[in-house]
Amino acid sequence: MKARGCLVAALAVLIALAGASGALARVGPHRRHVEVRHPETVGQLRLTKVGPYNVAINFEQPDLAILGVNKGNPKTLTTDQTAYGTHFHGSLVGGTVRARFGRVGSIAVRFVPSGKPRLGRQEKGCEGPPPRTEEGSFVGVVSLRGEGGYFKVSAHSATGRLERTFRETCRVRHVETKVPPVSLRAAVQATRRLVLGSFTSTLASVLAGGSEGGREVLVRAAHDEGSPSASLSAIAFEYQGKMPVERTAWLPSTPAGTFVTTLPGEHPATAAVKGTGPFTGEAEYVGASRLSHEWTGDLTAHFPGLVQPLTGPHVYSSLCVVSTLVDPNGCEAVPPDWQGPEISPGTESGKVQGAEG
Amino acid sequence: MRPRRAIYRPRAMRARRATGTRSEIRRRFTLVAVAAASALPFLAAPASSMAVSFSTPAGGSTYARVHASNGYRLNFSENDRGYFSVRVVGHDTDTSFGLRGGPVAGGRVSANLGKRGRFDLRFVPQGRVEKVPNGGFCSGPAGRWQAGYLVGRARFRAEGGFTQVRLHKVPAAHETSPKLHCHFSEASLEAEEHKKLRRMEVRASARKGHTHESLEAILFYRHARPARRRVRFRAFRKEADGRIAITREAKVEARESSFSLTGGPKMPEEVELKAPAPFAGSATFTRTAESTFEWGGDLSVTFPGLAPVPLAGPSFSTSVCAGKRCATKSSKALEKLVGELFSGPARAR
């Protein structure tokens, strides 16, 4: 049942990430403080399906435009995605946006609403105009082409939506701590924690990561508590000029035999990962000791627009196999044992730190 | 509401009962604890405390206890809602047969158990009605207890004839209790066996149609129990035979060697169980290279009158716990359901 819980939680997180609405404070029964919330506008431009890919651009104030190209199966939650981030010009409030996505292309569009705006529900204890959702279309020029032409779209119109909240004063129990504006890199890496994380304790996981030629790569195979199969995910991050690009391949459930490890306490500790879905080849971890282990093989991730080997001299690795009866928090409580530079899957620190080893 | 336990007291005991002796209070506690256990799922107790408050409805029951063949004891009762129950106790086992009995009429005990027999007895009171104290956990007016005899005809033969009895007249009692308000604290509920005394627990259960089988094995700490009683094994089986609900239980205690931790200190979830009779064979809980768990072996239990019932295999969902930490294996059916949720039914695993 835990796995089912994971599924529900994953869906909830995905919905939360997909939603373009602003963060609103939850209002408790005792409203002792007055909080002023500033107006906010977010938008989404949706293009028709381009080959196997769904292409959409999310706009966030003040000037973030994230182009997402993804191929997913909502039933299996399998996701292959590439996100390109840039700063747009124009005014989202006014509905005029111009954005350049480097070599991928550019857009210059204006929002044309159709029909009446849909009024949202005013939160309890708040005063001010209710939130408003405007459906319509973005008209102008959309010209985008993925690396190697893995997707290509040229259009003069695309469906879209703007969601607006207005200045409001709310009586709340606790004043929300102010969240600093999201950086462009953080916006592009929004799904990283979901893809490289776990909803329950992890019984066994192998992490491998490294950096070469300005591109950072992370791969994780894991067995989560209560799940009958392994999850397999990989991320590649790079800057194309000033544009951050994050590619993700995520398989929450894999066929039997995808990820096998030795048992807790067994020496030498070994693990093997077999490619499936967007992954091909195999990789093997052999750990003679904490100070000596290796990650070899030809495991490769096929991201949208990029084929990336996940092994090699610049890729470091760490294996964790624990018993939840010994450590109830599982591998989450065990720091990775990189045999090289420290690599963190954190949102802002996905870079290789230090240079030892 | 489960039927009351049928306990017949000899005359010597009856003389002490009105004063609320320790055994009487314990018996009352047991009756109300059974009611509390039944009521627990329906009570919205605050998360911070396990204290439970509830009310028991007014009611009455007629009961008797007799010695049956092959060293078994037979307790039978019928409450004033017409629920009849006969319980066979002995040789580390406990088997109950329950059903809606015959028409309710002033302390009659009548039930047709089909091939297992028939009860058709009426209660004949003898002596004075006595008051029954409520014990320390419940408040309300005192109950009433009337000694007497059950007369008529009764015959009972359990499966395979492992025990049988024929009755025409048997000492019995009729007891009525008013509506009671009871309160249990966490301490009183766990007084007899605190969870902290348990070092490790294995629980396995499987359901097939209306049949539910389960195993519980508890390894106690050294300070909690002597070496020869360090491990407790209990097996349960619930089933329905037409309108008769049958529950069976086998309980034995064994030495620590019957519960071995085969995985070593880094993997204590790997265990092997070898229980003494009426159990046979052994079962192992093992971790695979894919960090899933398997529960296999030939462990079985022989309930009186039945063929050995397997207690290990893929159809069992199993958990091995040390305190609040558990390693869990779902049943194959549940794993299949979860697999289909993630991967669709067509996926071969």
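The values are calculated or read from the model by the stated rules, or taken from the named source; none is laboratory data. These numbers were taken from a predicted model, which means no experiment stands behind them. Counting neighbours? That spans all protein chains shown, and the Cβs are built from the backbone with ideal geometry, glycine included.
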Query raised in the report: Within the bounds of segment A:278-286, is there any residue that is closer than 18 Å to A:VAL322 by Cβ, β-branched (Val, Ile, Thr) and either within 14 Å of chain B (Cβ to nearest Cβ) or not in a loop (DSSP other than H, G, I, E, B) (or both)?
Result: no
**Report entry** Qualifying residue in segment A:216-223 (condition: at pLDDT 85 or above, farther than 22 Å from A:LEU310 by Cα and in a strand (DSSP E or B))
**Finding:** no
Requested in this report: Scan segment B:252-311 for residues that are more than 10 Å from every other protein chain (Cβ to nearest Cβ) and acidic (Asp, Glu) and report the count.
Outcome: 5
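Restricting segment B:312-324 to residues that are out of contact with any Cys (no Cβ under 6 Å at 6 or more places or on another chain) and surrounded by 17 or more Cβ atoms within 10 Å (Cβ to Cβ), which is farthest from the other protein chains (Cβ to nearest Cβ)? Break it down into steps so the answer makes sense when it comes.
In the first step, residues of segment B:312-324 are kept if they are out of contact with any Cys (no Cβ under 6 Å at 6 or more places or on another chain); the result is B:312-318, B:320-324.
The next check asks that each one be surrounded by 17 or more Cβ atoms within 10 Å (Cβ to Cβ); those that pass are B:312-313, B:316-318, B:320-322.
Details: B:ALA312: 19, B:GLY313: 17, B:PHE316: 15, B:SER317: 10, B:THR318: 13, B:VAL320: 7, B:CYS321: 8, B:ALA322: 5 Å.
In this case the residue turns out to be B:ALA312.
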Requested in this report: Please list, ordered by first then second residue, the pairs with beta carbon atoms under 7 Å, 6 or more apart or interchain, first in segment A:112-125 and more than 28 Å from A:VAL97 (Cα to Cα), second of a type in the set (D, E, K, R) and modelled with pLDDT under 90.
Outcome: A:GLY125/A:ARG31; A:GLY125/A:ARG171
Query raised in the report: When the residues of segment B:218-237 are filtered to those that are part of a strand (DSSP E or B) and more than 15 Å from the chain's Cα centre (by Cα), which remaining residue is surrounded by the most Cβ atoms within 10 Å (Cβ to Cβ)?
Result: B:VAL231
Report task. Would you mind telling me which numbered condition in (1) surrounded by fewer than 24 Cβ atoms within 10 Å (Cβ to Cβ); (2) at pLDDT 90 or above; (3) more than 14 Å from every other protein chain (Cβ to nearest Cβ) A:ALA234 fails? Result -> (1)
Query raised in the report: How many residues are farther than 13 Å from B:PHE316 by Cβ, out of contact with any His (no Cβ under 8 Å at 6 or more places or on another chain) and in contact (Cβ under 8 Å) with a residue 12 or more places away in the chain when one looks only at segment B:226-238?
Result: 8
**Report entry** Looking only at segment A:138-156, and only at residues there that are in contact with a Lys or Arg (Cβ under 8 Å, 6 or more places away or on another chain) and of a type in the set (Phe, Trp, Tyr), the one that is farthest from A:PHE303 (Cα to Cα)
**Finding:** A:PHE138
Report task. State whether the residues of segment A:118-139 include one that is touching a strand residue (DSSP E or B) at 6+ places or on another chain (Cβ under 8 Å), closer than 25 Å to A:ARG185 by Cβ and not in a strand (DSSP E or B). Result -> no
Query raised in the report: Restricted to segment A:49-100, and to residues that are within 14 Å of chain B (Cβ to nearest Cβ) and assigned to a strand (DSSP E or B), which residue is modelled with the highest pLDDT?
Result: A:THR79
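Determine whether segment B:137-147 contains at least one residue that is within 22 Å of the chain's Cα centre (by Cα) and under 24 Å from B:ILE244 (Cα atoms). Before you say what the answer is, go through the steps one by one.
Residues of segment B:137-147 within 22 Å of the chain's Cα centre (by Cα): B:137.
Going one step further and asking which of them are under 24 Å from B:ILE244 (Cα atoms), we end up with none.
Scanning segment B:137-147, I find no residue that is within 22 Å of the chain's Cα centre (by Cα) and under 24 Å from B:ILE244 (Cα atoms), so the answer is no.
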Query raised in the report: Do the conditions hold for A:PHE59, that is, is it buried (at least 19 other Cβ atoms within 10 Å of the Cβ) and without any contact (Cβ under 8 Å) to a residue 40 or more places away in the chain?
Result: yes
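Every residue, every condition in (1) crowded, with 24+ Cβ neighbours inside 10 Å; (2) within 14 Å of chain B (Cβ to nearest Cβ), yes or no:
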site	(1), (2)
A:TYR239	no, no
A:MET243	no, no
A:GLU246	yes, no
A:PRO255	no, yes
A:LEU263	no, yes
A:GLU266	no, yes
A:GLY275	no, no
A:SER289	no, no
A:SER292	no, no
Query raised in the report: Can you name the residue in segment A:325-337 that is in a loop (DSSP other than H, G, I, E, B) and within 14 Å of chain B (Cβ to nearest Cβ) and, of all such residues, is surrounded by the fewest Cβ atoms within 10 Å (Cβ to Cβ)?
Result: A:ASN329
Query raised in the report: Which condition breaks for B:GLU239 when tested against (1) within 14 Å of chain A (Cβ to nearest Cβ); (2) within 30 Å of B:LEU113 (Cβ to Cβ); (3) of a type in the set (Asp, Glu)?
Result: (1)
Query raised in the report: Which pairs do you get when a residue that is at positive phi, found in segment A:130-157, comes within reach of a residue that is surrounded by 18 or more Cβ atoms within 10 Å (Cβ to Cβ) and not in a strand (DSSP E or B), reach meaning Cβ atoms under 7 angstrom, with the pair 6+ apart or on two chains?
Result: A:GLY148/A:GLY305
Report summary line: A:SER201 fails exactly one of (1) away from chain B (no Cβ under 14 Å); (2) farther than 25 Å from A:THR296 by Cβ, namely (1)
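When only residues in segment A:294-324 that are small (Gly, Ala, Ser) and in a loop (DSSP other than H, G, I, E, B) count, which is nearest to the other protein chains (Cβ to nearest Cβ)?
Initial filter on segment A:294-324 (small (Gly, Ala, Ser)): A:297, A:301, A:305, A:312, A:317-318, A:323.
Adding the requirement that they be in a loop (DSSP other than H, G, I, E, B) leaves A:305, A:312, A:323.
Working: A:GLY305: 26, A:GLY312: 26, A:SER323: 5 Å.
Selected residue: A:SER323.
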Report task. Working carefully through the options A:THR177, A:THR191, A:THR169, find the one that is surrounded by 15 or more Cβ atoms within 10 Å (Cβ to Cβ) and of a type in the set (Ser, Thr, Tyr). Result -> A:THR191
